[in-house]
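The values are calculated or read from the model by the stated rules, or taken from the named source; none is laboratory data. Predicted model, so just to flag it, every value in this text is computed and none were measured. Cβ placement follows ideal geometry from the backbone for every residue including glycine, while neighbour counts extend to all protein chains displayed. The protein model used for the area step is the full one, side chains on, heavy atoms only, and it has no ligands, DNA or RNA in it. Shrake-Rupley method; radii C 1.70, N 1.55, O 1.52, S 1.80 Å.
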Amino acid sequence: MSAKVSVIVPVYNPGKYIEPCIDSLLGQTLAPGDLELLFVDDGSSDDTPARLDKLAAEHSHVRVIHIPNSGWPGKPRNIGVAEARGEYVHFVDQDDYLAPDALRRLWEMGHRNGSDIVFGKVASNFRAVPHGVFRVNREKCTIYDTSLVDSLTPHKMFRTEFLRENKIAYPEGKRRLEDQLYMMETYFPAKVVSILGDYTCYHYSKRDDGKNAGSAKIIPSGYYGNLREVLDVVNANTEPGEFREGLLRRFYRVEMLGRLSEPSVVKYAPEYLDEMVDAVKELADGYINDGVHDGLGAVLRIRSTLLRRDQRQGLVEIARRAASVKGHARLEDLAWEEDGRIVVTVSARLVYGDDRAPLSLLRRGDRYYLHPDFHQGVLADGELVDVTDELDDFKAEVSIRDRDTAVEWPCPAEFETSVDELERLADGDVRCQVVLRGTAYLDPKAVGGRDALTRGAWDVWVPVRGLGLVRKARLGADRAAHVDGHCLPALLSKPAQLTIPYFTVPQGNLSLDVDRSGKKLGTALAKREVSRVPDDDGELAVQLAVVSHSATAPTRAWFVLRGKGDDSGSVALPAVMEPVGGRIRLRTTDGGQSPFAGLRPGTWRLFARLDGHAGPELKIGQVRVDAHGRLRLTDKSGAVAPAGASSTDGGRPAKPGILRRVGRPMINRLSPDARERLRSVASKLGA
């Protein structure tokens, strides 16, 4: 092998959509000498062949192979594996892209573990992503101890000789689910699989023309004929029992019942619904036993029951009802911790219907059932769905998601499940709801191998799981009244990076603005109290309602003085923001005593620029300028202790003593000896 990694890209008429892919591959941190970029052009009829040939002429580690059109990516991928010179191969689609350090990190993980397959965290702005697979790094695992079946896309790194020795190849020609077949054929013989979960490696990118692979409408007979091949691989490599049933349950839940669920099934034309149900039922009858069925969550068991009974309109109706099930999260509290994390207290539940009432359970004796209101008229009268053994499966999580790139990170969280009584019924039954209560930590800094949050808007989500459903809710619109007062901006890390928690308008959802991507510190502080900091040396200093982390270094800012009229001119005075006592102090860099030539004595309006010269100006108050051009704050703003305060409202103003409130102007004019004697008197008076 002459390279560490060969990247194989099947290409067919990509147009402009291949450019991000090319740029990301050329921008990899893995040295070009260790990298082969292998583009297999599947008979493109646009200008792509010439574009790729030019690329190969400009870069020695780029190779292009031209083949007659085969109509599908299977053959180009097989040719790429056969021609690859790398120790590992990595499949990339033409309209996707890799993060800069992806190949280096993946290769290093695979090389140190002797891995047959290595795959990294993925992000997508249009398709579902199995975030649970990437929750932690896994150096060594297999299909027998990890839920690899949840990730069946081929955009992974494979040891080249592993594929060749096991004669693993793509089916060629037009077909569906070829990726799932390929992945199941690799997972079973793989002795070591590694998962990189702390770095987002692969980005699925939505095309604005809607022509991403897999977007075409499926033909049920062909689709489920292809799925049959995948299920045959599962059966051929497993024995009857729980392990096999667990694998089959994934395909039953996603590929079969998933096509008979919201939102798609309610839109099917009658003839297409019949075609779909016929194909799914035939396959399910041959592969899905009671063990697979019984392991489903309650709502999926209802779907499975209706499929088994061939109740087609029942499937449509239960999908309509399930579509109205939403996740709901309430923000009970929010606070910054000393380590630079935001701790949020959350309660979460599933709600149902237009009025967002709790999705309730029925307690009868010591058993719990899905309340019959949900399935009334769909299942037989008196038929109950027991969920007693599913109560522990109710889960809530908290995650933060980049609004632009769709990179998502799970947050450390702990939730407890309780079954709360809603109503006692006349027959002794009790209507209940499941509530999840807990805390989570939002950390903008680098943590646990993850990089610090990149510049952008990060939305806070709460996935709520239960009864076989997963519903993601935004956090913040429903919140306790005091939370807004705790939602302070923060300067974190070194060099300092600004993080501004805020609530979106008009929805009121909690988001984090990182590194001034859309929010400015001056704007965020506009309604916050600014407190002056007394200083016997006459330094111009104020305390801002900004959290600081101990690692924060001073940050450049400016004081701005303006006269009373808009045309009276302004003067900018250099300043720094620095951490003091868990808050940020804004002070002049020269003690505030330097004279300003031409600045008339009197009262001036004082502002601060905290976001650069072009940023918004924060109103501080008023400042007095004496005849010598020296500055001091007026006494209209409250004072805080010089060490700063740590209360969430920016520090309670300390009551100024008599000498500070009345004698400050005189003190500044005294000689050093006289000033020291006056300080001694003030100390005895407690001023």
**Prompt:** Is there a pair in Lys121/Lys472; Lys4/Lys156; Lys54/Lys206; Lys4/Lys191 whose C-alpha atoms are over 23 Å apart, and which pairs would that be?
**Reply:** Lys54/Lys206
**Request:** Take peptides 60-67, 126-133 and line them up by average Cβ neighbours within 10 Å, highest first, as a rough protection proxy.
**Result:** 60-67, 126-133
**Item:** Neighbourhood charge, 9 Å Cβ-Cβ cut-off, centred on Ala329 and excluding it, Lys, Arg +1 and Asp, Glu -1
**Value:** +2
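To two decimal places, what compactness ratio does segment 351-455 give when its Cα radius of gyration is scaled by 2.2 N^0.38 Å?
Here the Cα radius of gyration is 1.48 times the empirical estimate.
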**Prompt:** In the full protein assembly as shown, how much of Leu422 is accessible to a 1.4 Å probe, in Å² to the nearest 10?
**Reply:** 70
**Message:** Please list, in order, the residues from segment 1-39 whose amide nitrogen is less than 18 Å from a point placed 7 Å along the Cα→Cβ vector of His66.
**Reply:** 9-15, 38-39
**Request:** Please list, or write none, the aspartates and glutamates whose alpha carbon is within less than 14 Å of the alpha carbon of Lys494, excluding same-chain residues fewer than 8 places away.
**Result:** Asp339, Asp451, Asp515, Glu578
**Complete:** Label model pair Glu414, Arg367: point-to-point distance (7 angstrom along the Cα→beta-carbon line) in nm is 3.5
**Total charge dipole magnitude, segment 50-109, about the Cα centre, Cβ charges on Lys, Arg, Asp, Glu only, Debye to nearest 20** = 180
**Request:** Count the DSSP beta bridges whose two residues both fall in the chain, then state the antiparallel fraction as a percent rounded to the nearest 5.
**Result:** 80
**Request:** Check cross-link reach from Lys281 to the lysines: straight Cα distance under 27 Å, and skip same-chain residues fewer than eight apart.
**Result:** Lys174, Lys217, Lys267
**Request:** Please sort 233-242, 430-439, 340-349 by packing, taking for each peptide the average over its residues of neighbouring beta carbons within 10 angstrom, highest first.
**Result:** 340-349, 430-439, 233-242
**Item:** Listed residues Ala298, Val277, Pro263: farthest to the positive end of the dipole of segment 249-310 (Cβ charges)
**Value:** Ala298
**Message:** If every alpha-carbon in segment 14-154 counts as one equal scatterer, what log10 I(q)/I(0) does Debye give at q = 0.17, 0.18 1/Å?
**Reply:** -1.09, -1.21
**Asked** How far, in degrees from 0 to 90, does helix 48-58 lean away from the longest principal axis of the Cα atoms of the chain, to the nearest 10?
**Response** 60
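What is the local net charge at Tyr272, summed over the other residues whose Cβ is closer than 13 Å to its Cβ (Lys, Arg +1; Asp, Glu -1)?
Cβ neighbours under 13 Å give a net charge of 0.
When the accessible area of the chain is split by element with a 1.4 Å probe, what percent falls to carbon and sulfur?
About 49 percent, which is the carbon plus sulfur part of the accessible surface.
Roughly speaking, what is the stretch gain from Arg403 to Val505, that is 0.36 nm per residue apart minus the C-alpha to C-alpha distance, in nm to one decimal?
So the extension gain works out to 35.2 nm.
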**Pair Val266, Ala169: separation of 7 Å Cα→Cβ label points (nm)** = 4.7
**Prompt:** Roughly what angle does helix 672-685 make with the longest principal axis of the chain, taking Cα atoms, 0 to 90 degrees, to the nearest 10?
**Reply:** 70
**Prompt:** Tilt of helix 242-251 relative to the longest C-alpha principal axis of the chain, in degrees (0 to 90, nearest 10)?
**Reply:** 80
